[in-house]
Amino acid sequence: MMQLLLMLYVILFVLVVVGQFLLYKNSEKNIGFIWNTILGILFSYLIFTALPNNFIVERVISLIWGVLAIGALIIGNFAQKNKLISKILFSVAVIGGSIHLFFL
């Protein structure tokens, strides 16, 4: 059973690396923004549902990762001159969520 969990962490780590590569690759497509939004919300959901109900602070932190990802998507789509801020917020949301999930 632990091997299955390790495989899940490795797969999620690979998805994070691919998402960050797509985000910072200079392309006109928004696939990096969409991919990182999905990853940010996925990490937020996984952490939120893995924690017990009395871990309120940790659950709020898990929701922050999803809110950061959605906020970064909104900033990236509506403010074209703030693309770098959006990319940094995506990186914080996805990498922070993956670290939070790993050390859960």
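So, Ser62, is that one open to solvent by less than 40 Å² (accessible area, probe 1.4 Å) and under 20 Å from Gly32 (Cβ atoms) or not?
Criteria not met by Ser62.
What are the pairs, 6+ residues apart or on separate chains, where a residue within region 78-92 that is farther than 16 Å from Ile41 by Cα has its Cβ under 9 Å from a residue that is assigned to a helix (DSSP H, G or I) and of a type outside the set (Gly, Ala, Ser)?
Pairs that qualify, where the first residue is farther than 16 Å from Ile41 by Cα and the partner is assigned to a helix (DSSP H, G or I) and of a type outside the set (Gly, Ala, Ser), are Ala79/Ile85; Asn82/Ile75; Lys83/Ile75; Ile85/Ile75.
Could you pull out the residue among Phe48, Phe13 that is open to solvent by 80 Å² or more (accessible area, probe 1.4 Å) and either part of a helix (DSSP H, G or I) or in contact with a Cys (Cβ under 8 Å, 6 or more places away or on another chain) (or both)?
One residue alone meets the criteria, Phe13.
Looking at the structure I just gave you, is Val94 closer than 29 Å to Leu6 by Cα and surrounded by fewer than 16 Cβ atoms within 10 Å (Cβ to Cβ)?
No.
All but one of (1) in a helix (DSSP H, G or I); (2) closer than 23 Å to Val10 by Cβ; (3) not β-branched (Val, Ile, Thr) hold for Leu104; state the number of the condition that does not hold.
(1)
Listed residues Asn53, Asn36; which is open to solvent by 80 Å² or more (accessible area, probe 1.4 Å) and either outside any loop (DSSP other than H, G, I, E, B) or free of Cβ contacts under 8 Å to residues at least 60 places away in the same chain (or both)?
Asn53
Applying the selection to region 23-33, what residues are in contact (Cβ under 8 Å) with a residue 24 or more places away in the chain and out of contact with any helix residue (DSSP H, G or I) (no Cβ under 7 Å at 6 or more places or on another chain)?
Asn30
Of the conditions (1) in contact (Cβ under 8 Å) with a residue 40 or more places away in the chain; (2) under 18 Å from Val17 (Cβ atoms); (3) out of contact with any Ser or Thr (no Cβ under 8 Å at 6 or more places or on another chain); (4) surrounded by 13 or more Cβ atoms within 10 Å (Cβ to Cβ), His100 clears all except one; give me its number.
It is condition (3) that His100 fails.
Starting from residues that are among the β-branched types (Val, Ile, Thr) and touching a Ser or Thr at 6+ places or on another chain (Cβ under 9 Å), keep the ones in region 70-91 and report whichever is least open to solvent (accessible area, probe 1.4 Å).
Only one residue fits best here, namely Ile75.
Which count do you get for residues in region 80-104 that are more than 15 Å from the chain's Cα centre (by Cα) and closer than 17 Å to Ile34 by Cβ?
The total comes to 2.
The values are calculated or read from the model by the stated rules, or taken from the named source; none is laboratory data. The structure displayed is predicted, hence computed values, not measured ones. Don't worry about glycine lacking a Cβ; one is built from the backbone with ideal geometry, like all the others, and counts go over all protein chains shown. The accessibility values were calculated without ligands, DNA or RNA, using every heavy atom of the protein model including side chains. Shrake-Rupley method; radii C 1.70, N 1.55, O 1.52, S 1.80 Å.
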